[in-house]
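Novice: This structure is in structure tokens; I'll ask about it shortly.
The values are calculated or read from the model by the stated rules, or taken from the named source; none is laboratory data. This is a predicted model, so every value here is computed, not measured. Positions of Cβ are backbone-derived with ideal geometry, glycine not excepted, and every protein chain shown enters the neighbour counts. When the accessible area is computed, the model is the full protein with side chains, heavy atoms only, and any ligands, DNA or RNA have been set aside. Shrake-Rupley method; radii C 1.70, N 1.55, O 1.52, S 1.80 Å.
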Amino acid sequence: MTGGTALTGRVRVTGAKNSSLKLMAAALLATGRTVVDEVPDILDVSIMSEVLRRLGCGVEYERTPASGGGGRVTIDVPEDPSTETDYDLVRKMRASISVLGPLVARCGSARVALPGGDAIGSRGLDMHISGLERLGATIVSEHGYLVATAPRLSGTSIWLDFPSVGATENLVMAAVLADGTTVIDNAAREPEIVDICSMLIAMGARIDGAGTSTITVEGVESLSPVTYTAVPDRIVAGTWAIGAVMTRGDVVVERAVAEHLSVALDKLTDAGATVEVLPGGLRVAMSERPRGVDVVTLPFPGFPTDLQPMAVALAAVSTGTALITENVFEGRFMFANELVRLGADVRIDGHHAVVRGRERLSSAPVVATDIRAGAGLVLAGLVSDGITEVQEVHHVDRGYPDFVEQLRGLGADVKRTSRPG
Ligand code: UD1
């Protein structure tokens with residue numbers, strides 16, 4: 001891409017990747033046809049579709065025109081799904097682990113390969129495992145697989161050491177079909193957790209407290225399939241908002257939900273941006289060079305770790321010095337070395353990054369190391385002099401539908417030089 005153009009115009013965000021993948025996994029809890037709308041047309045959704053197909057489900061994806069890269073996924077779940085998820089798929093995407101809870105709850109057993117996914121930290125599974133064990137499952141790890149068995153799960157109380165998004169989701173999906181009541185304390189409060197609980201409630205589950213630190217689940221005998229719409233993607237929306245500020249542009253992000261981005265939008269206001277909440281979205285505009293603002297990532301409602309690379313990129317072109325602190329994934333500053341190749345002044349010390357802003361960055365070939373790092377580097381390329389090439393851009397395809405097309409729609413001078421996927 002060639003830097004120097006301000007992002008201006010309108011962009012529509014579709015459903016959240018981090019919700020859609022789990023909504024698809026939740027479909028396993030009910031025999032019959034589940035339909036999910038606003039599912040982004042991204043690589044990770046194709047991988048989850050393949051995970052479900054290998055479990056015996058019929059999965060179809062159909063694009064919705066003019067949706068900003070979203071579509072409808074139809075999942076036909078058989079009476080007796082298979083219970084094994086292969087290494088080749090789970091390795092490609094850590095979120096495949098979210099079939100573990102539904103499979104154990106529904107089928108009494110599951111054999112799920114240990115996941116791979118992004119290189120952003122150790123990303124253990126201890127809370128998923130110990131929570132399922134408390135619900136009565138026996139879990140062993142053998143030959144690269146987690147093997148879980150439980151003829152019937154029983155309600156219990158679970159205290160999470162950390163409000164893990166994936167563990168909260170897996171445990172809720174297991175508890176909905178357990179005998180009796182489960183209480184999950186120190187649960188994650190992300191909008192995606194609320195979304196999955198809403199879908200489960202529509203399927204017949206009894207869940208209280210979604211969006212708070214204590215979720216109570218009363219097990220039911222069975223669930224029914226539903227048609228459901230995924231919550232808008234707050235990380236994609238936040239990426240556009242930060243892009244508008246960095247490039248000193250003016251962008252309306254259709255369907256963005258301001259309450260899902262409160263801290264991030266406050267930071268942009270502190271940086272000098274105009275943030276306007278509209279009936280169906282948000283407008284973010286910036287006319288001068290942003291001021292550097294400190295950012296600390298935390299579980300929701302804190303600043304999202306998934307927007308941290310964009311926050312570093314923003315600080316790299318802001319006035320003054322900003323301190324960015326990463327509290328969720330220890331490996332997440334790896335991408336900063338790539339940003340330094342674009343001339344950014346970033347120093348890392350443990351989980352802190354000190355960023356001294358520069359007026360402009362300077363183009364260079366850089367490599368995306370994960371989805372969000374890739375998006376952060378693309379934003380940095382938009383404010384670099386000359387032509388920036390972001391390699392390994394397939395990472396970005398895992399999370400952003402039609403990214404290049406949407407950037408062009410906002411006026412960016414960008415093109416794809418490798419095939420999607
Ligand atoms: C999800 C999101 C990811 C986001 C993250 C935090 C999906 C597909 N991905 O990832 O985009 O960045 O939430 O908002 O939804 N941990 C353990 N043991 C566990 C579970 C987690 O140590 O059993 C640690 C992880 O290593 C990490 C932290 O807890 O350091 C947070 O992880 P978690 O909230 O579980 O993130 P994910 O669900 O993997």
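Novice: Assuming R0 = 30 Å, can you tell me the calculated FRET efficiency for the pair Arg54 and His394, based on Cβ-Cβ distance, to the nearest 0.05?
Specialist: Details: r = 22 Å, r/R0 = 0.73.
E(calc), rounded to 0.05, equals 0.85.
Novice: To continue, here is another question. With a sphere of radius 10 Å drawn around the Cβ of Asn18, what net charge do the other residues whose Cβ falls strictly inside it have (Lys, Arg +1; Asp, Glu -1)? It would help to have the intermediate numbers written out before the result.
Specialist: Details: positive: Lys17, Lys22, Arg234; negative: Asp44, Glu169, Glu190, Glu192, Asp195, Asp233, Asp306.
Charge balance near Asn18 sits at -4.
Novice: Now, a different point. About the Cα centre, and with charges only on the beta carbon of Lys, Arg (+1) and Asp, Glu (-1), how big is the dipole of the range 17-220? Nearest 20 debye, please.
Specialist: 100 debye
Novice: I need the calculated FRET efficiency for the pair Thr74 and Arg356, taking r as the beta carbon distance and R₀ as 30 Å, to the nearest 0.05.
Specialist: Working: r = 51 Å, r/R0 = 1.69.
Using R0 = 30 Å, I get an efficiency of 0.05.
Novice: What net charge is computed for the residues neighbouring Ala178, neighbours being all others with C-beta under 10 Å from the C-beta of Ala178, Lys and Arg scored +1, Asp and Glu -1? Intermediate values should be presented prior to the final figure.
Specialist: Values: positive: Arg152; negative: Asp179, Glu218.
Taking every other residue near Ala178 into account, the sum is -1.
Novice: Determine the shape class of the range 17-220: with a ≥ b ≥ c the square roots of the Cα gyration tensor eigenvalues, call it rounded for a/c under 1.5, and otherwise prolate if a/b is greater than b/c, oblate otherwise.
Specialist: On the way: a/c = 1.38, a/b = 1.23, b/c = 1.12.
Rounded shape, in that the Cα axes give a/c under 1.5.
Novice: Can you give the net charge of the other residues whose Cβ lies under 15 Å from the Cβ of Thr319, counting K and R as +1 and D and E as -1?
Specialist: Details: positive: Arg248, Lys267, Arg289, Arg291, Arg356, Arg358, Arg360; negative: Asp270, Glu288, Asp294, Asp345, Glu359.
Counting the neighbours of Thr319, the net charge comes to +2.
Novice: Also: Considering the dipole of the range 17-220 built from charges on the beta carbon (Lys and Arg +1, Asp and Glu -1) around the Cα centre, which of Gly204, Ala66, Gly155 is farthest to its positive end?
Specialist: Gly155
Novice: Taking only protein heavy atoms and a 1.4 Å probe, what accessible area per residue, in Å², does the range 17-220 have with all protein chains in place?
Specialist: Details: 7190 Å² over 204 residues.
Result: 35 Å² per residue.
Novice: How about the range 57-107: which GluC sites (Glu not before Pro) there lie in a loop by DSSP and see at most 13 other Cβ atoms within 10 Å?
Specialist: Values: sites: Glu60, Glu62, Glu79, Glu84; in loops: Glu79.
For GluC sites (Glu not before Pro) across the range 57-107 that sit outside H, G, I, E and B with at most 13 neighbouring Cβ atoms in 10 Å, the list reads Glu79.
Novice: Tell me the Rg and the Dmax, in Å, that the Cα atoms of the chain produce.
Specialist: Both quantities, over Cα of the chain: 21.1, 62 Å.
Novice: For the chain, what does the helix formula give at 222 nm: sum of -39500 (n - 2.57) over DSSP H segments with n ≥ 4, over the residue count, nearest 500 deg cm²/dmol?
Specialist: Numbers: 14 runs with 126 residues, N = 421.
-8500 deg cm²/dmol, from helical runs alone.
Novice: Using only Cα atoms, find the angle between the long axis of helix 165-175 and the longest principal axis of the chain, and express it within 0 to 90 degrees, rounded to the nearest 10.
Specialist: Between the helix axis and the principal axis of the chain, the angle is about 20 degrees.
Novice: Sticking with this one: Using a simple charge model, +1 on the beta-carbon of Lys and Arg, -1 on the beta-carbon of Asp and Glu, nothing else, what dipole does the range 1-70 show about its Cα centre, in debye to the nearest 20? Please report the intermediate quantities before stating the final value.
Specialist: On the way: 8 positive and 7 negative charges, 18 e Å.
Around 80 debye, computed over the range 1-70.
Novice: Within 10 Å, count the other beta carbons around each residue, average over each peptide in 94-105, 137-148, 26-37, and list them highest first.
Specialist: On the way: 94-105: 26.5, 137-148: 15.2, 26-37: 22.1.
Going by the mean number of other Cβ atoms within 10 Å, highest first, we get 94-105, 26-37, 137-148.
Novice: Could I ask something else about it? For the range 190-267, which GluC sites (Glu not before Pro) pass both filters: DSSP loop (anything but H, G, I, E, B) and at most 11 other C-beta atoms within 10 Å? Intermediate values should be presented prior to the final figure.
Specialist: Values: sites: Glu192, Glu218, Glu221, Glu254, Glu259; in loops: Glu221.
Of the GluC sites (Glu not before Pro), the ones in loops of the range 190-267 whose Cβ has at most 11 other Cβ atoms within 10 Å are Glu221.
Novice: I've got another one for you. Over the range 17-220, with every protein chain in place, what whole percent of the accessible area is carbon and sulfur at 1.4 Å, could you tell me?
Specialist: Working: 3380 of 7190 Å².
Solvent-exposed carbon and sulfur of the range 17-220 make up 47 percent of the total.
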